[in-house]
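Enquirer: Quick one: the structure is below, and I'll ask about it shortly.
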Amino acid sequence: MEDKFAFLKKFIGKENRYLREADVRYQIIDNIFKNILSWPDDKTKCEDHVKSGFIDYTLYNKNSIPVLLIEAKKEGKHFELPNNGNKDKLIRNIKTEELLTNEEISKAILQVKEYAEDLGCRYVCITNGHEWIFTNINPQNKPWKKQSSIVITKLDYFIEEYISAVNFLGYTSITENFSLQTNFASQKQSRGEVFYPKNQIPSYNATVSNNNYAGIFNLIARKYLSNIPLDDHAFMRKCYVSDKGHHDSLQKKVQGFIYDSLTPYFKNLGVQEFMDDRRGGAFGYKIQDLIRKKNLDSVMILFGGRGAGKSTFIERLLFYIKPHEVVTHSIIGIINLIDSAQNRDELTIEIWKNVLSKIDSENILQGTQDELITLFRPEYDVFEKQFLAHYNSGSEERQKLISKFISDKLADTKYCCNRLSLYWKQQAKGLIIVLDNLDQLTPDLQDICFLTAMEISRKLNCLVIISMREERYFNAKSRGTLDAYHTNGFHIASPIITKVLMKRIAYILEEIENSDDLSGDFDIYNDKQLQTVKDFLIICSKGLRSENSALSQFLRFSTHGDLRRALNFFKSFLTSGYTNINEMTSRGSWSF
């Protein structure tokens, strides 16, 4: 046992931290996970590539599903922790929003969080080799910043509390006993047991690993069963389901789910139901009409159920379809509120700063002094008359005053937004600002977003688009937040779940057929694997096409039009150890 810890002891208590990131990984992290926590080499992968970058470590379970991502930093990156009564504990819970006030921690967590969202993994860790911070980026009961992170404060933890470390981070603990879920759940449950589904059946020691193709389908699911990438035009063209509002017969039966349409309450408010006719329907035509009439001083709300594809619809309309009026006469800024500040004052400031960043697309605020004086001309003319008239044009004092004037103006975010808005208006371009995922915030923060949206629309004479669920709007209206305001409301229905999945499968089959590198693109190495994967996808497509099949009915009944949930369920089905793909494909067909 002493030999197991020998490599750690030379790092414990040392004052000078000089190891580079690569050395932290090789000398500390690799040794901890392989020698102390017993992770197999084939379940710890380095430099996995996702859309947003390269992941330092990805830990996988037996079904090749990622369970934890680790972002390593060099020893010199100091993670400053709160100095309170728990400071001497080797492992402690600390509020995530408190940790994020440290710049190094915030950068690292947001970086690995982006990787995790690309990969579909819930748990992340950042470490400089000494402090280890574990965070659940997708908790079920509250915004991720409001929960606590689990922090290992010293390397001593792995020696002095070896059993605790293995029970928390060991391979078997994470992959079979769900220790990450249990430890995060215990933060809010002081008593009672927490139960989670198992990937294996304890009886007779029979491990459930019937799916020999889980690794292949995990790679396919990550790439093709998530949000449609905006820059992938082929994916968008072939997989986007535009006939939202067309409902299948399942919704009309007694046992079907609730029809996704407007309630009388919203109809009385003037909210419009519209069809996505490949050009954005009435919603798209309204935007074009406002641009033509140069009447952008308004707020539009896109209503839709959870996972109905509101964000994708807006992004597709503005950046993929790109109506002529939008391209020619507008500047667009999409602000995603899902990771925004979680208190009222900071949220308003953050939204305005994001607006400024989006509308300064030509980096005008980074221009020369003369260019900035031109932008701030009305106020500068007054300033010149009142304060500069008595100074020679080339004097040092005059230059200091001008620099101070420009610096003060640049620090005023709302003022700069207003001047840029007028600049774009002179170029015959209006502003379109989208506040996306507003309904992911708490009710009081949603109220702030509504009021900020109205302020942005009024001060910048621009169009602000908000996407949210109907119940969130109703709650805000009930609280009186929106009594003084009139908005244009539009409702978009969810697409037919099975049609979305069938289009995705057809696209996957087409990509497999056209691939010149099956091993690199799909982890497929021989003809047998290739044929099995294709046969299984065809079986799934047939099952989805039949309204009476168990697969089709389960996905439609259980998701209630929530496309995000349906994609996750289908991913789980493809990669589950219970899915015996060899048995299904050997028969040539399968009745679900």
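Enquirer: Please go through the stretch 466-488 and pick out each residue that is open to solvent by less than 20 Å² (accessible area, probe 1.4 Å), modelled with pLDDT of 65 or more and not in a helix (DSSP H, G or I).
Expert: Ile466, Ser467, Met468, Arg469
Enquirer: Can you confirm whether Gln255 is farther than 25 Å from Thr413 by Cβ, at pLDDT below 90 and out of contact with any helix residue (DSSP H, G or I) (no Cβ under 6 Å at 6 or more places or on another chain)?
Expert: So Gln255 fits the description; yes.
Enquirer: While we're here: Restricting the stretch 506-526 to residues that are under 20 Å from Asn212 (Cβ atoms) and of a type in the set (Phe, Trp, Tyr), which is surrounded by the fewest Cβ atoms within 10 Å (Cβ to Cβ)?
Expert: Ranking the qualifying residues of the stretch 506-526, first place goes to Tyr525.
Enquirer: So which of Lys45, Lys77, Lys62 ends up being out of contact with any strand residue (DSSP E or B) (no Cβ under 7 Å at 6 or more places or on another chain) and either free of Cβ contacts under 8 Å to residues at least 60 places away in the same chain or open to solvent by less than 70 Å² (accessible area, probe 1.4 Å) (or both)?
Expert: Result: Lys77 is the single residue among Lys45, Lys77, Lys62 that is out of contact with any strand residue (DSSP E or B) (no Cβ under 7 Å at 6 or more places or on another chain) and either free of Cβ contacts under 8 Å to residues at least 60 places away in the same chain or open to solvent by less than 70 Å² (accessible area, probe 1.4 Å) (or both).
Enquirer: Continuing with this model, one more query. From Thr96, Thr127, grab the single residue that is farther than 28 Å from Arg344 by Cα and open to solvent by less than 60 Å² (accessible area, probe 1.4 Å).
Expert: Thr127
Enquirer: Suppose we keep only residues that are β-branched (Val, Ile, Thr) and assigned to a loop (DSSP other than H, G, I, E, B) within the stretch 489-526. Which one would you say is farthest from Gly281 (Cα to Cα)?
Expert: For the stretch 489-526, the residue satisfying everything is Ile524.
Enquirer: Could you check the stretch 342-439 for helices (runs of 4 or more DSSP H) lying wholly inside it with 2 or more residues that are open to solvent by 80 Å² or more (accessible area, probe 1.4 Å) and within 30 Å of Arg469 (Cα to Cα)?
Expert: Filter on the stretch 342-439 gives 344-359.
Enquirer: For the condition open to solvent by less than 70 Å² (accessible area, probe 1.4 Å), in a helix (DSSP H, G or I) and more than 21 Å from Ala214 (Cβ to Cβ), what is the one hit in Gln529, Gln553?
Expert: Within the list Gln529, Gln553, the selection yields Gln553.
Enquirer: If you check every pair at least six apart or on different chains, which have Cβ atoms under 9 Å apart with a residue in the stretch 316-327 that is over 15 Å from Ile228 (Cα atoms) first and a residue that is open to solvent by 10 Å² or more (accessible area, probe 1.4 Å) and in a loop (DSSP other than H, G, I, E, B) second?
Expert: Within 9 Å, the pairs are Pro323/Arg279.
Enquirer: Identify, from the list Ser467, Ser478, Ser403, the residue that is closer than 30 Å to Asp562 by Cβ and over 29 Å from the mean Cα position of the chain (by Cα).
Expert: Ser478
Enquirer: Which one is nearest to Trp132 (Cα to Cα), of the residues in the stretch 99-121 that are open to solvent by 10 Å² or more (accessible area, probe 1.4 Å) and among the small types (Gly, Ala, Ser)?
Expert: Ser106
The values are calculated or read from the model by the stated rules, or taken from the named source; none is laboratory data. Only a predicted model underlies this, so the values are computations on that prediction, with no experimental measurement involved. Note that each Cβ is placed from the backbone with ideal geometry, even for glycine, and that neighbours are counted across all protein chains shown. All accessible areas refer to the heavy atoms of the entire protein, side chains included, with ligands and DNA or RNA removed. Shrake-Rupley method; radii C 1.70, N 1.55, O 1.52, S 1.80 Å.
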